[in-house]
Amino acid sequence: MKKFITIVAAGALSLVVAVQPAAAAASFPDVPKSNRFHDEVNYLVGKEIISGYSNGNFLPKKNVTRGEAAIMIGRMLGVDGAKRDTKFKDVLKNYGASGYIAAATDKGIIGGYPDGTFRPNEHISRGDMAIILDRTWSLEFGSVRDFKDVGENMKASDAIYNIAREYITTGYNDGTFRPKGTITREQFSAFLARGMSPVYKQRVIGNNGYSLNMTKQYTFGTSDGDRQLVFQQGIQSDQAPDYKGFAWKETNLKTGQVDYSLQEETSDEMITGYPFSEYYTDLKFPLKVGVPWLNGEGEGTAKITNMSKTVKTPYKTFTNAVETTSDMGYKVYYVKGVGHVKTINPAGKVVRELKSIK
C-alpha cells in the first residue's frame, strides 16, 4: 500500500493557478448541465485551456490524443505554442501542436518513443496521462489507495498514486485504475480541473465524509493559540521546496509558525499525513464501535467509542459526532461533512476545538 512518504523524482516547475472556478464559459449542446463533468469542462474553457469544435460541440466522449494532451497541458502552463521544429521525426514544424509538444518536451513533461517518434495522433493512455500530470505539478507524496491493476514495478505506478493523493483520480468502482485504457475529453477536463482547484477535488469525495472540506477555511483554538487552516496550492518548505500540489496550510495566528498536513479519505480509511514524515489513521471504515485499529507507527491503537456524541465547540454544538478514543486516553471527535471538531487529552482538557468555518 502506498503511503505519503513515497518520493518521486520530478522536474520542479513554477506553476501558480487560481483555485476558484472561473465564471461559466461556453455552453455546448453535447455537454448539458446533467453531464457529470459539465462544470469542469466549462471551467477549463473559461481559462482557454480547452475549446470546442467549429460545429459548436465539445465531443466529450472523444478520446484524447497525445498531441491534444500536449496542447491542453501547454495552455495550462502558459507556454508559447507557436509552431516550431521538434526533436520528433513525425512532428514537423507545420503540425498544429508542434509548439506545445516542443515546449512540453523541453520541460521534461512529455517524451517520445525509442524510434524517435512522438505519435501525436495516438490516443493517450491513462497511465501516460498520470505520468504527464505528475511531472506537470511535481507531485511527490503517493497515496493510501491501492489499485489492484497497478503493480509497484509498473512505469506509471508512482505517478498514478501521486495523482490519486491529489484527488485527481479515484480509479474505478471495481478497485482498478486501468492504466492502459484511453481517456475522453470530458475525463481529461476533469483531471485538469481537479489538479487546479480544490473545488473540483472536493467534488470527488463529496460532502458526506469525515475529512475537512477543501473549499473551506477553518480556525481552531489550541493550547498555544488559534490556528487557521487553509487548503491551498504550493508547499514550499525545507522538506518539500519544489512540491506544487495542494495541502492544508496551518498557521499559528499567535506566533506565525506554519505547518503543512495532507489528508486523504478512501473507502477503507481516513488518514492525516505530513510531508516526508509520519501519517496517522484517523478513522477506519466502515465505522463500528469497539473495533480497534493502529493509529500510526509507534502511536498505539484507537477505536470508536460513540457514534452519535453531542459535542460543544465555540463554533456550534454538534449532536452527531463520532468519538474515537486512543489507548493513550485521547478523545477525538469527527462530524460528517465538517471533519475534525475537537480533541480532549487524557486529563479531560480541551487541546483543540473548532472556532469557525468560512
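The values are calculated or read from the model by the stated rules, or taken from the named source; none is laboratory data. Because the structure is a prediction, the values reported are computed rather than measured. As a convention, Cβ positions derive from the backbone with ideal geometry for all residues, glycine included, and neighbour counts pool all protein chains shown.
If we keep just the residues of region 154-169 that are part of a helix (DSSP H, G or I) and of a type outside the set (A, V, I, L, M), which is surrounded by the fewest Cβ atoms within 10 Å (Cβ to Cβ)? Give the steps one after another, and end with the answer.
Going through region 154-169, the residues part of a helix (DSSP H, G or I) turn out to be 157-165.
If we keep only those that are of a type outside the set (A, V, I, L, M) too, we end up with 157-158, 161-162, 165.
Working: Ser157: 22, Asp158: 24, Tyr161: 28, Asn162: 29, Arg165: 25.
Result: Ser157.
Rundown of residues vs (1) outside any loop (DSSP other than H, G, I, E, B); (2) modelled with pLDDT of 95 or more; (3) farther than 25 Å from Met214 by Cβ; (4) outside the structural domain of Ser138 (by TED's automatic domain parsing), yes/no style:
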| residue | (1), (2), (3), (4) |
| --- | --- |
| Ala22 | no, no, no, yes |
| Phe28 | no, no, yes, yes |
| Asn55 | no, no, yes, no |
| Leu92 | no, yes, yes, yes |
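For region 285-314, which residues satisfy the criterion of being more than 23 Å from Val351 (Cα to Cα) and under 25 Å from the mean Cα position of the chain (by Cα)?
Phe285, Pro286, Leu287
Just name the residue that is farthest from Thr184 (Cα to Cα) out of those in region 57-78 that are out of contact with any Lys or Arg (no Cβ under 8 Å at 6 or more places or on another chain) and in a loop (DSSP other than H, G, I, E, B).
Selected residue: Gly78.
Taking the stated definitions as given, is Gly151 of a type outside the set (Ser, Thr, Tyr), within 30 Å of Tyr274 (Cβ to Cβ) and either in a loop (DSSP other than H, G, I, E, B) or in contact (Cβ under 8 Å) with a residue 60 or more places away in the chain (or both)? Reasoning before the result, please.
On the way: of a type outside the set (Ser, Thr, Tyr): yes; within 30 Å of Tyr274 (Cβ to Cβ): yes; either in a loop (DSSP other than H, G, I, E, B) or in contact (Cβ under 8 Å) with a residue 60 or more places away in the chain (or both): yes.
It is true that Gly151 is of a type outside the set (Ser, Thr, Tyr), within 30 Å of Tyr274 (Cβ to Cβ) and either in a loop (DSSP other than H, G, I, E, B) or in contact (Cβ under 8 Å) with a residue 60 or more places away in the chain (or both).
Give the residues of region 124-136 that are surrounded by fewer than 23 Cβ atoms within 10 Å (Cβ to Cβ) and more than 22 Å from Lys87 (Cβ to Cβ), sorted by residue number.
Correct list: Arg126, Gly127.
Go through region 251-284 and give me each residue that's under 18 Å from the mean Cα position of the chain (by Cα) and without any contact (Cβ under 8 Å) to a residue 24 or more places away in the chain.
Once the filter is applied, which keeps residues that are under 18 Å from the mean Cα position of the chain (by Cα) and without any contact (Cβ under 8 Å) to a residue 24 or more places away in the chain, region 251-284 yields Ser261, Ser267, Thr272.
Which of the residues spanning region 181-232 are touching a Pro at 6+ places or on another chain (Cβ under 8 Å) and either on the phi > 0 side of the Ramachandran plot or free of Cβ contacts under 8 Å to residues at least 24 places away in the same chain (or both)?
Thr215
Go through the residues of region 256-263 one by one and say whether even a single one is of a type outside the set (Phe, Trp, Tyr) and over 21 Å from Gly221 (Cα atoms). Break it down stepwise before answering.
From region 256-263, those of a type outside the set (Phe, Trp, Tyr) are 256-259, 261-263; that's our starting set.
Among the residues that remain, those that are also over 21 Å from Gly221 (Cα atoms) are: none.
Within region 256-263 (the criterion being of a type outside the set (Phe, Trp, Tyr) and over 21 Å from Gly221 (Cα atoms)), the answer is no, since none of the residues qualifies.
Can you tell me which of (1) touching a residue at least 12 places away in the same chain (Cβ under 8 Å); (2) within 25 Å of Ala190 (Cβ to Cβ); (3) assigned to a loop (DSSP other than H, G, I, E, B) is the one Gly111 doesn't meet?
The number of the failed condition is (1).
Which numbered condition in (1) in a loop (DSSP other than H, G, I, E, B); (2) out of contact with any Gly (no Cβ under 6 Å at 6 or more places or on another chain) is the only one that Phe118 fails?
Of the numbered conditions (1) in a loop (DSSP other than H, G, I, E, B); (2) out of contact with any Gly (no Cβ under 6 Å at 6 or more places or on another chain), the odd one out for Phe118 is (2).
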